[in-house]
Every structure is written in C-alpha cells, then in structure tokens.
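Below: one structure, written as structure tokens.
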Amino acid sequence: WYINDHCFIRGEDGLWHLFGITHAEPANPIDEDNFAHATAKSLTQTPWDKQPFALSVAPEKHESHLWAPHVIKHENLYYMYYCAGSDKGNTHYRIHLATSPDLKTWTRHPQNPMVVDGFDARDPFILRDGDRWILYYTATTRPEQGNHIVAARTSTDLVNWSSERHIVFKDEAKGKWGGPCESPFVVRRGDKYYLFIGPRDNYVRTDVF
C-alpha cells in the first residue's frame, strides 16, 4: 500500500498522527476510498504504528473517493477537510469536513459540502489569519477546463465559507487532470505570506510565491 497527500498533527497526549491517501499498489487515484491513519511517539519512530482507516468513502454522501486530508485543531475539536470527489463528475468536486474529539472517531459534518468547484477542486489547506480562517485549494478558472489556479474562501467559524471564490494564484498552464498548482501550503512569516505549490516541471520541483 502507498501513502500520498498526507498530513501530520500532534494529539493532546503527545502522540503524533499521520492521515493520508492510501491504496494497494498499483496506484489507482479514482479508487482511493480510505484514509490511512498511523501513530508514533516521535516523528522519527520506525516504523509507525498502523491504525484502522480514519475514514472510508460514503457514496450516500455523494463521495466518489477520498483525497488529501488536512487536519487542524480549534477549541478542543479536530477538523479534517478533504476532497470527496463527486458523483456528478469532475466539474462538481466537493470539499467535505469531518470532525473528531480525539483524532480516532470522525463524524462528517451535516452541512457538507463546504465547497463545490472544479475541475477536480481538491487539496484543501486551512490558515488562521486574525479573526478569520482561509481555505486554500487547487482548481481551474472554469470548472470545465481552464488555467490551473489556487483558490481561496474565507470563514469565521470553519463551517460557513464565503460564496465568493478568490483566485490567489493563476498559472499559465491550462488543462484538467493534475496541473502545477497542487497541494497549496501557506506560511506567514513577518508581514509576508508564502505560498508553496507543486508539482512544478513534471513532479520534480516545488515553487514558493
């Protein structure tokens, strides 16, 4: 089994948790229906302790697969944002939310989807910025096809996201599947924000803006 598009978070007990895409070899992205979960006492523990799947696909919730989980903690609750695919096709991809009090038991939020966008809108990342939260994700300028972009929406409660989509970065490349704007990650340092995206140059480079 392989791991892809993963994240790490440390629990209140000091235990580290990994969540990520997983599937038996060979790779089959549209059949990635479970999130891997592993734990360790330190980031360098070898090997990590494999746990039961954190979440499995729920077709009755209009999920077609599970991609790119991103987990944060706020006020004693853990929030996992992830791409759920869509039973309506690539132009209606859904970003869903599941919550957990302990990083073990996850419950899908009743207000899902948080965001619907295309083409293959995915790879959510959450940043706290003052009294607001910013959700970054990758998509295209037009759901049917267009320039690859990093989009953003804002919220004050981590559940209700603004209906207006802000394009924070637009690449010259156009297309559908993949693209050079995957897995956006934003860091604030001083008075500047740094956006990391990839894969650039056919999966050999990550760029920062």
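The values are calculated or read from the model by the stated rules, or taken from the named source; none is laboratory data. Here the structure is a predicted model, which means the values were calculated and not measured. Cβ: placed from backbone, ideal geometry, glycine included. Neighbour counts: every protein chain shown. Accessible surface areas use protein heavy atoms only, side chains included; no ligands, DNA or RNA. Shrake-Rupley method; radii C 1.70, N 1.55, O 1.52, S 1.80 Å.
With both labels modelled 7 Å from their Cα along Cα-to-Cβ, the Arg132 to Glu144 distance reads 3.1 nm. When the label point is put 7 Å from the Cα of Asp102 along its Cα-to-beta-carbon vector, which residues of the range 47-75 have a backbone N closer than 12 Å? Zone members listed by number: none at all.
Considering Cα pairs under 8 angstrom that are at least six residues apart, work out the relative contact order of the range 96-209 and quote it in whole percent. Here the relative contact order equals 18 percent.
Relative contact order, percent, of the chain when contacts are C-alpha pairs under 8 Å separated by at least 6 residues? Before the final figure, lay out the partial values.
Values: 540 pairs, mean separation 23.4, N = 209.
Relative contact order comes out at 11 percent.
Given the choices (i) 50, 42, 27; (ii) 61, 40, 36; (iii) 43, 43, 37, Cα extents along the principal axes in Å derived from the coordinates of this structure is entry (iii). If the Kirkwood radius is taken over C-alpha pairs of the range 79-150, then at 37 °C and 0.692 mPa s the Stokes-Einstein diffusion coefficient equals 254 µm²/s.
Would you mind telling me the share, in percent, of accessible area of the range 1-158 contributed by carbon and sulfur at probe 1.4 angstrom?
Numbers: 3620 of 7220 Å².
Heavy-atom surface of the range 1-158 belonging to carbon and sulfur, 1.4 Å probe: 50 percent.
Bridgeable aspartates and glutamates around Lys61 (alpha carbons under 12 Å apart, same-chain partners fewer than 8 residues away excluded): Asp87. Here the range 125-158 is scanned for amide nitrogen atoms under 20 Å from the site 7 Å beyond the Cα of Phe196 along Cα-to-Cβ, giving 125-129, 134-139, 149-152.
Full extension from Tyr203 to Asn28: what is 0.36 nm times the residue separation minus their Cα-Cα distance, to one decimal in nm? Present the calculation step by step, with values, prior to reporting the outcome.
Details: separation 175, 0.36 × 175 = 63.00 nm, distance 1.75 nm.
Difference between extended and current length: 61.2 nm.
About the Cα centre of the range 4-87, what is the dipole size in debye to 20, counting +1 per Lys and Arg Cβ and -1 per Asp and Glu Cβ, all else neutral? Provide the component values of the computation, followed by the final result.
Working: 5 positive and 12 negative charges, 76 e Å.
Computed charge dipole of the range 4-87: roughly 360 debye.
What FRET efficiency, computed as 1/(1 + (r/R0)^6) with R0 = 30 Å and r the Cβ-Cβ distance, is obtained for Asn76 and Thr46, rounded to the nearest 0.05? In this case the efficiency is close to 0.45. For the chain, the dipole from Cβ point charges (+1 on Lys and Arg, -1 on Asp and Glu) about the Cα centre works out to 380 debye, to the nearest 20.
Here is the list for the range 59-126: trypsin sites (Lys or Arg not before Pro) lying in DSSP coil, each with at most 13 other C-beta atoms within 10 angstrom of its C-beta, are Lys88.
In this label model, Ile9 and Asp157 are separated by 2.0 nm, measuring between points 7 Å along each Cα→Cβ vector. Per residue, the chain exposes an accessible area of 52 Å² to a 1.4 Å probe, with every protein chain left in place. Note on the chain: dipole from Cβ charges, positive end direction compared against Ile9, Ile167, Met114; the farthest Cα belongs to Ile167. Computed about its Cα centre, the charge dipole of the range 125-209 is approximately 60 debye, with only Lys, Arg, Asp and Glu carrying charge at their Cβ. Per-residue SASA remark: Glu164, around 110 Å² accessible (1.4 Å probe; ligands, DNA and RNA not included). In a DSSP loop and with at most 10 other Cβ atoms within 10 Å, the chymotrypsin sites (Phe, Trp or Tyr not before Pro) in the range 106-202 are Trp177. Among beta bridges from DSSP that stay inside the range 12-134, the antiparallel ones total about 100%. For the range 127-151 versus the range 45-98, the spacing of their alpha-carbon centroids is 18 Å.
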